[in-house]
Amino acid sequence: MAKVLLVDDDPFFLRLSKEFLKPYPDIKVETAGSPCEAIPKLQAGGYDAVVSDYEMPGMNGITFLKKIREQSINVPFILFTGKNKEDVMFEAMENGASAYIQKGGDLKAQYSTLSRQIGEAAREKGGMN
């Protein structure tokens, strides 16, 4: 089973994401409402992947990614965002993101893609068979 930390400042989106990922029994979802809330959870360990929004108050997703890498937290990082900008995608990948997924459109297809990316990231880390 892959244990994933979903980080987003939108409580509705966190609930929606948990609901849409429920049909995937190999994924256990925990949430954090901000990068500042997520960092101590990640420091405690036990996560196979992080799924983060880009645009959040106080710290965007790229800065969050850099901050956890500076602390040698090497969990796979998936940027899941409504921001449709190539520069954001390239910056995420240059800083070690495992994947970049665009929010919006067909929710079932979007969460199917997300679950696949979580599975790949967790297998890469060794947390899922």
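Taken together, the values in this text are just the output of simple stated rules run on the coordinates, not laboratory data. Since the structure is predicted, the reported quantities are computational estimates derived from the model, not experimental observations. Virtual Cβ from ideal backbone geometry, glycine too; neighbours counted across all protein chains shown.
Scanning the range 7-19 for residues that are closer than 19 Å to L65 by Cα and of a type in the set (D, E), we see that the one that is surrounded by the most Cβ atoms within 10 Å (Cβ to Cβ) is D8. Residues in the range 66-90 that are under 18 Å from P35 (Cα atoms) and either of a type in the set (D, E, K, R) or surrounded by fewer than 15 Cβ atoms within 10 Å (Cβ to Cβ) (or both): K66, K67, R69, E70, Q71, S72, N74, G82, K83.
Out of all the residues in the range 20-34, is one or more of a type in the set (K, R), surrounded by fewer than 20 Cβ atoms within 10 Å (Cβ to Cβ) and within 22 Å of K108 (Cα to Cα)? Yes, the conditions are met somewhere in the range 20-34. Here the range 35-54 is the region considered, the condition is being surrounded by 20 or more Cβ atoms within 10 Å (Cβ to Cβ) and of a type in the set (A, V, I, L, M, F, W, C), and the residue that is farthest from K108 (Cα to Cα) is L42. If I filter the range 111-122 for residues that are closer than 14 Å to D8 by Cβ and surrounded by fewer than 18 Cβ atoms within 10 Å (Cβ to Cβ), do I get at least one hit? No; the residues of the range 111-122 include none that is closer than 14 Å to D8 by Cβ and surrounded by fewer than 18 Cβ atoms within 10 Å (Cβ to Cβ).
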